[in-house]
Amino acid sequence: MSGVVVHLPPGSGGAAGGEPGVAPVTLRLGPGEAARFGRGSTTVPVELRLADAAISRLAGEIRVTDDHWQLTNHSTTHSYLVENPEGAGEYLRVPPRRVGTPIPFEFSRVVLPTRGELPVSFQVFAPDHVYLDPDAMGAPWGNRTVTAYSLDETATYFLVLVALCEPRLRDQSPVAVPTTPQIVERLGQGAGCGTPTARAVSSHIDYLAEEKLRIGVPEAREHGRAERRNGKREEIVGLALRFGLVREEHLALLPPLTGARGRERQAGR
C-alpha cells in the first residue's frame, strides 16, 4: 500500500464551548507513518483535531502499514465505530484501549460518540488495496503478480467509471465523455437504484483520477476549470479503455437503459 488519505470534512469535527466548526483537513500518510486524533492541546498535539468536549485530548491514532491501516483507541470508556459507507451496513467496533485494530475497508468512516445530536466522524481512504492477478491464482506465491490498478468492481466509483466509458463501449466511436449531470441521470434510471448526488459523482471522479488511476491532467491555461474537468474525464476513459479496465461485460452493472436510448439500443440488435 502506498498510503492512505485521511479527510475531515468541514463541520464534522464537532465544536467545543461555542467554538466554530473545525475547518476541513486532508492528510496523506505513507507506510510507517501515523496520525493522532482528538481534542488536542498545547501539550498533546494532534494531527486531526476534533473539537468536541466528549472526545479525549488524545482519542486515538491511525497507523499505516505495508498492506493495510490500523486504528488504536486511546479512550478508556468509549468504543469507536469504523463504518464501510460502500457496504451493506458493515462496520467494526474498536473497544476502549484496543491497539492496532486492522481495518479491511477501502473506504472507511471513523465515528466517535459525543453528547451532541450527531457523532463526530472523519473518513479514511485506502486506495491501494492490492488484488492478485486472477490468471496467476494457481501459481506459487513467489511467482504471483499483482494488478497495476486495484479496482473494486462492487464499489460506487467503479460504477461511475463504467458510466463514463459507456458511450464509447456501446458506439465504438469518439463521442463526448458524459458530464456529471448525465452520469447522475444515467445511474438513476434503474428502479430502486440508489443514485449518487452530483457532488458524490464529482468526488468519485477525483478519486479515480488522483488515487486509483493516478493520472496527471495538464493545467488548462485558456479555459480554466471547465477544461481541466473535461481533460480529467477524457484521461480516465482513455486509460480505462486502453488497458481493458472497463469492458463491454461491465455494462451489465449499469441500470437498464430507458426511454429513447433504450429503444434505439433494442432496434439496433
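Values in this text are rule-based calculations from the coordinates and carry no lab data. Just so you know, these numbers come straight off a predicted model, no measurement behind them. Positions of Cβ are generated from backbone atoms using ideal geometry, with glycine treated the same way; all protein chains shown enter the neighbour counts.
Across region 95-107, coupling constants 3J(HN,Hα) worked out from phi with the 6.51/-1.76/1.60 Karplus curve, θ = phi - 60°, read x, x, 6, 6, 10, x, 5, x, 10, x, 7, 6, 10 Hz, and Gly and Pro carry x.
For region 202-207, backbone phi angles converted through the Karplus equation (6.51, -1.76, 1.60; θ = phi - 60°) give residue-by-residue couplings of 4, 5, 5, 5, 4, 5 Hz, Gly and Pro being listed as x. Spacing of the modelled spin labels on E210 and L81, each 7 Å from Cα toward Cβ, amounts to 2.7 nm. Checking every one of the chymotrypsin sites (Phe, Trp or Tyr not before Pro) in region 76-132 against DSSP loop status and a limit of 15 other Cβ atoms within 10 Å picks out Y131. Shown here for region 34-137: trypsin sites (Lys or Arg not before Pro) in loop regions (DSSP other than H, G, I, E, B) with at most 15 other Cβ atoms within 10 Å, namely R57, R97, R115.
Which net charge results when you count Lys and Arg as +1 and Asp and Glu as -1 among the other residues whose beta-carbon is under 10 Å from that of V25?
Working: positive: R49; negative: E47.
Spelling it out: positives minus negatives among the neighbours equals 0.
Amide H contacts of T114: V120, each under 5 Å away and 5 or more positions distant or on a separate chain (H built 1.01 Å from N in the peptide plane; Pro and chain starts excluded).
A simple count of charges around P127, restricted to other residues whose Cβ falls under 12 Å of its Cβ and scoring Lys, Arg +1 and Asp, Glu -1, yields -3.
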